[in-house]
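Please read the structure below before turning to the comments.
The values are calculated or read from the model by the stated rules, or taken from the named source; none is laboratory data. Predicted model only: the values in this text are computed from it and were never measured. With ideal geometry, Cβ positions are generated from the backbone for all residues, glycine too; neighbour counts draw on all protein chains shown. Keep in mind that these areas ignore ligands, DNA and RNA; they rest on the heavy atoms of the full protein, side chains included. Shrake-Rupley method; radii C 1.70, N 1.55, O 1.52, S 1.80 Å.
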Amino acid sequence: MTNLFYIINDHGGMGLEEFTFFIGTMALMGASAFFFLSLSQFDKKWRNSVLISGLITFIAAVHYYYMRGELGPDGSAGDITSIRYIDWILTVPLMCVEFYLLLKVAGATTKHLRDLIVLSLVMLICGYVGEAGMGSAQIWGLFSGVAYFAIVYMIKFGDLAKLAKSAGGSVETAHNTLFWFVLVGWAIYPIGYMIGTADGQWYSFMANVGLDMNVVYNIGDAINKIGFGLVVYAAAVKETK
Ligand SMILES: *C/C=C(C)/C=C/C=C(C)/C=C/C1=C(C)CCCC1(C)C
């Protein structure tokens, strides 16, 4: 067998990294079409939530198209990291909006939304500084991790958890499922980060796991962006009946 991923491309062969950018673009585009085309079936108050599910996957699909374009014919790569973080800086705050919209009827305020967005921006900006080599990868990764755990705390033990409980029904179920995405699904990203920045760090062994940083990030995005959207979609379906 030559190359499993020997399919449509500009230059003859496709590695696993390029393949996951390619299939990621397609999966995210397909999910966007699915969310957008389903909009009219929902009650008005759920349409914004499902619309945002579609925006998250659509914004990511466009960035995936450009990230794949950064891979040169000789296996060299341009500045994928910057495009990646522009994508995240748009889509992760939109995921915060999903939490807010879900719990708005139960009493979530724009202050809750602001706290989630500020924490997610701190998490991502610190991650970018570490990953782009503008500072120590372990220190900035640690700052980023602290903000990440603050988000986990807010969702599971803070006001948002109480509001979800008081709402009950499919809103509570959706909130709890989204929490698991944040705790387990989002934990995929620090693994990718450690692989990508392993050189010379205490976690230098991470360079030997056999997966490329971008492959790990791409798996994380497929799970989290499409999965998150489907959880919101399922809640909207249940609540519309
Ligand atoms: C759609 C994109 C999503 C859900 C991206 C999420 C990204 C993270 C949860 C990233 C977290 C990081 C850490 C917790 C520490 C190391 C640096 C990051 C930015 C990779």
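Things worth noting here:
- Among the residues making up the range 148-169, those that are part of a helix (DSSP H, G or I) and either surrounded by fewer than 16 Cβ atoms within 10 Å (Cβ to Cβ) or within 15 Å of the chain's Cα centre (by Cα) (or both) are 148, 149, 151, 152, 153, 162, 165, 166, 169.
- With respect to the conditions (1) loosely packed, with under 15 Cβ neighbours inside 10 Å; (2) in contact with a Pro (Cβ under 7 Å, 6 or more places away or on another chain), residue 145 lacks only one, and its number is (1).
- Considering only residues in the range 141-168 that are out of contact with any helix residue (DSSP H, G or I) (no Cβ under 8 Å at 6 or more places or on another chain) and under 23 Å from residue 232 (Cα atoms), the one that is nearest to the ligand (Cβ to nearest atom) turns out to be 149.
- Selected residue [under 22 Å from residue 229 (Cβ atoms), touching a Gly at 6+ places or on another chain (Cβ under 9 Å) and open to solvent by less than 10 Å² (accessible area, probe 1.4 Å)] from 33, 60: 60
- Scope the range 178-202; condition within 15 Å of the ligand (Cβ to nearest atom) and either of a type in the set (Val, Ile, Thr) or exposed (fewer than 15 other Cβ atoms within 10 Å of the Cβ) (or both); matching residues: 180, 182, 184, 187, 188, 191, 195, 197, 202
- Filtering the range 73-121 to residues that are among the aliphatic types (A, V, I, L, M), more than 26 Å from residue 140 (Cβ to Cβ), at pLDDT 95 or above and open to solvent by 60 Å² or more (accessible area, probe 1.4 Å) leaves nothing.
- Those residues of the range 36-57 which are of a type in the set (Phe, Trp, Tyr) and either buried (at least 20 other Cβ atoms within 10 Å of the Cβ) or part of a helix (DSSP H, G or I) (or both), in sequence order: 36, 46
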